[in-house]
1. Taking Ile538, is it in a helix (DSSP H, G or I), modelled with pLDDT of 85 or more and in contact with a Leu (Cβ under 6 Å, 6 or more places away or on another chain)?
2. When you go through (1) part of a helix (DSSP H, G or I); (2) surrounded by fewer than 21 Cβ atoms within 10 Å (Cβ to Cβ) one by one for Ile611, which number turns out not to apply?
3. Does Gly623 fit the bill of being assigned to a loop (DSSP other than H, G, I, E, B) and closer than 30 Å to Leu442 by Cβ?
4. So which residues in the range 72-122 are over 18 Å from Ser134 (Cβ atoms) and polar (S, T, N, Q), if there are any at all?
5. Six or more apart or on different chains, Cβ under 8 Å: which pairs go from a residue in the range 499-521 that's on the phi > 0 side of the Ramachandran plot to one that's of a type outside the set (S, T, N, Q) and surrounded by fewer than 20 Cβ atoms within 10 Å (Cβ to Cβ)? Could you list them?
6. Of all the residues that make up the range 372-392, how many are free of Cβ contacts under 8 Å to residues at least 60 places away in the same chain, part of a helix (DSSP H, G or I) and not aromatic (Phe, Trp, Tyr)?
7. Any idea which of Ile166, Ile145 is farther than 30 Å from Leu16 by Cβ and at pLDDT 85 or above?
8. Among the helices (runs of 4 or more DSSP H) contained in the range 636-708, which hold 3 or more residues that are surrounded by 22 or more Cβ atoms within 10 Å (Cβ to Cβ) and polar (S, T, N, Q)?
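The values are calculated or read from the model by the stated rules, or taken from the named source; none is laboratory data. Predicted model, so just to flag it, every value in this text is computed and none were measured. For neighbour counting, all protein chains shown are included, and Cβ atoms are generated from backbone atoms with ideal geometry for every residue, glycine included.
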Amino acid sequence: MFTKKRIIQFCFAALLFLSLDLWMFNTLSANFRTYEELRNFNEIALFAQTAPEEETAQAYEQWIPTVKSIIAGARAYYFTFDESQGLFVPSSGSETNLKLWNENKNSPEFKKAMESVYYLEPMKLSGSYKADFSLDPDIHSNEAIASQAYFVPVIDANGYQANGAIMILVPNSTATGYVNLLRTLFIAAAVIFLGIMLVISFTRDPMTGFMVLTLFGIVLVFIAYPLLEAIRLSFIKDGVFSLQTWKETLSPTYLVALWGSLRLGVLTATISTIVGFMFAFLIERTSFKHKRVMSILATMPVISPPFSLSLSIILLFGNNGLISKQLLHLNTSIYGLAGLTLVEVIGMFPIAFMTISGVLRQIDSTVEDASLDLSATRWQTFKAITLPLSAPGIVSAWLLVFTNSLADFANPLLLSGDYRVLSTEAYMLVTGRSNLGAGSALSFLLLMPTLTAFLIQRQWVAKKSYVTVTGKPSTNLTELTSKPVRLTLETISWAFIGFIVALYLTIVAGCFVVNWGIDYSFTLANWGEALSRGWTSIRDTVTLAAIATPTAGLLAMLTAMLIVRKKFPGKRILETLIMTPYAIPGTLIGISYILAFNKPPLLLVGTGAIIVINYVIRELPVGVENGITALHQIDPAIEESAADLGADVPTVFRTIVLPLVRPAFLSSMSYTFVRSMTAVSAIIFLISARWNHLTVLIFNFSENLRFGLASVLSTILIFIVLFVWALMQVLVKDDKLTQKTISTR
């Protein structure tokens, strides 16, 4: 495809377009600067005409600051004409202007400006001046701001002489912002044009090329760019490059918080993996009868708000908890490492359970039968066969829980007490001190172990998948546990599930209590107040999640099809970038989005769009993985036949791929909806007065000890999520396409 003729045509078209693009940019920016200067001249001339008739110092002190109402950001200083000296002498006004005047009053240009106003002619100085606007009390910036300087005379009533002169500084921010916006738009136009020309000129399948370019654009703008902005800010201090932020981040103070996060992660991952394996083994490898019910109850914590269990623990075992204080009269506190570990284990063991279940389900029982036929005991078979074959799932489960624990944000905020973890430290720096740079650095520090765990997991899954299926797998399951062992596992599992159910019932009970811990009288007032104060948040949350759900589902399936079925340059890079949000703590994503999208051309902060984009990008990796798994089980000959009959890529995707991967598609959508409804860590940075989120409102009520209102909204949220989750499960009637079979290698 790269013929000499095509290359020449591409270069000619690119050169022509870039020339036109540059000419248009220069013309528009120059015209705007001219218009801006003319407008400022007119505004300043009008301002000079509003000088007070009473020529007193007090009158001019009140008049000079009003220049800001005429030209945004402008600063003025008034000079009185001293007839005895024949000079203009400083009188009153902005300290910024006075400092600049003192620094440059002997320069030829400033002298010429004063001479000009003496002859009643206004003058604009050429070039820009760096003005220290921090001298003014209403400016909170230590950076010098490039400004244009204007000198205009204040003419007496007769119109024959100047009573004084005004020096006005106008920041270049408006013109600079417009020019920067133009530059960004014209660069974007050039990139888009060159991308289209590349696809048209050098690919056999332009439609696939356009889709790949679109995906690259999405991941570069909404994944790579925000992270680069966060990295850049962490190396900036007071507007200049500095390592000070990282020196503070690596100080003992924050290393203690990092160690706290690691301890919590290791404890949570280890205990959750043990509990998850117990549930998975009971359901997948024994003759336990109530598997369906147990599976549903065991996955409940995944599809509920992440801190709802923390709320229950506080209601039961907090300082005024029903059990700890009212029933047992204990003075012990649930706050700290122990309480955090308990809540995170309950909330995250389903991740380990679902991961290990898939591996245990795939183990061919004929291998265990062979071991038993060779006179090995059940315990020996389990230890030598079942456990080693499930090792990939166990390690993956441990690393997944470890990663989620490090990134957990809401539970530590409610239950950490004096125990310090890095995610909450980053949140406090951003919200409490408005220090986005330090928050970014701490989040990147947290990313290091998270990314390491993620990469280890990916390598383990790729290299350590133990194979047992060499032909048609056996449909018979060999019982590896004796009756006493199985009953013990059942008892422990039901007790654990019973505790979880009790926690959820506690949330429901909290809806009908006047003031938990003080007054347990029955009331319905919580419902009225919670619905009146939370209705807008409920509506916003459901609306945004409903928009993000099909968007994420379709984008995930389209991406999976391109990765599995198409060959194109940069496929590995694209896949890596798409999977990156899975390993990034939500705190870092939230901070990155604030930094990247709080300025033109993508000014999204404060809008609902940035929340939807966050939902889609955050949950895209899981949907892509589901789609890739489903497509690997479908013979590509079906799609090739459709293509041979003249169907283009969108038609193949719509009529062939999407119906075949329907279970994975619906699962991806349901997962996105659940996670969107229960998100906290990134969303708490992105909400605004216009768009709020239900989980953030619940969290605020919990922090303010309004447990009744928090319980009502948590209950409503849980029921909404459960309803949608159940609906999605009904729609996925046949999941045969998502069943994986291990092949021999």
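1. Values: in a helix (DSSP H, G or I): yes; modelled with pLDDT of 85 or more: yes; in contact with a Leu (Cβ under 6 Å, 6 or more places away or on another chain): yes.
Considered against the rule, which asks whether it is in a helix (DSSP H, G or I), modelled with pLDDT of 85 or more and in contact with a Leu (Cβ under 6 Å, 6 or more places away or on another chain), Ile538 comes out as yes.
2. Of everything listed in (1) part of a helix (DSSP H, G or I); (2) surrounded by fewer than 21 Cβ atoms within 10 Å (Cβ to Cβ), Ile611 misses just condition (2).
3. On the way: assigned to a loop (DSSP other than H, G, I, E, B): no; closer than 30 Å to Leu442 by Cβ: yes.
Answer is no for this residue.
4. Matches in the range 72-122: Thr80, Ser84, Gln85, Ser91, Ser92, Asn104, Asn106, Ser107, Ser116.
5. Gly517/Leu322; Gly517/Lys325
6. Of the range 372-392, the ones free of Cβ contacts under 8 Å to residues at least 60 places away in the same chain are 373-377, 379-380, 383-385, 387.
Imposing the further condition that a residue be part of a helix (DSSP H, G or I) reduces the set to 373, 379-380, 383-385, 387.
This time we only want the ones that are not aromatic (Phe, Trp, Tyr), so: 373, 380, 383-385, 387.
Matching residues across the range 372-392 total 6.
7. Values: Ile145 fails: at pLDDT 85 or above.
After applying the criteria, what remains is Ile166.
8. Details: elements: 637-644, 649-652, 662-678, 683-686, 694-703.
Because the criterion is at least 3 residues that are surrounded by 22 or more Cβ atoms within 10 Å (Cβ to Cβ) and polar (S, T, N, Q), the helices (runs of 4 or more DSSP H) in the range 636-708 that meet it are 662-678.
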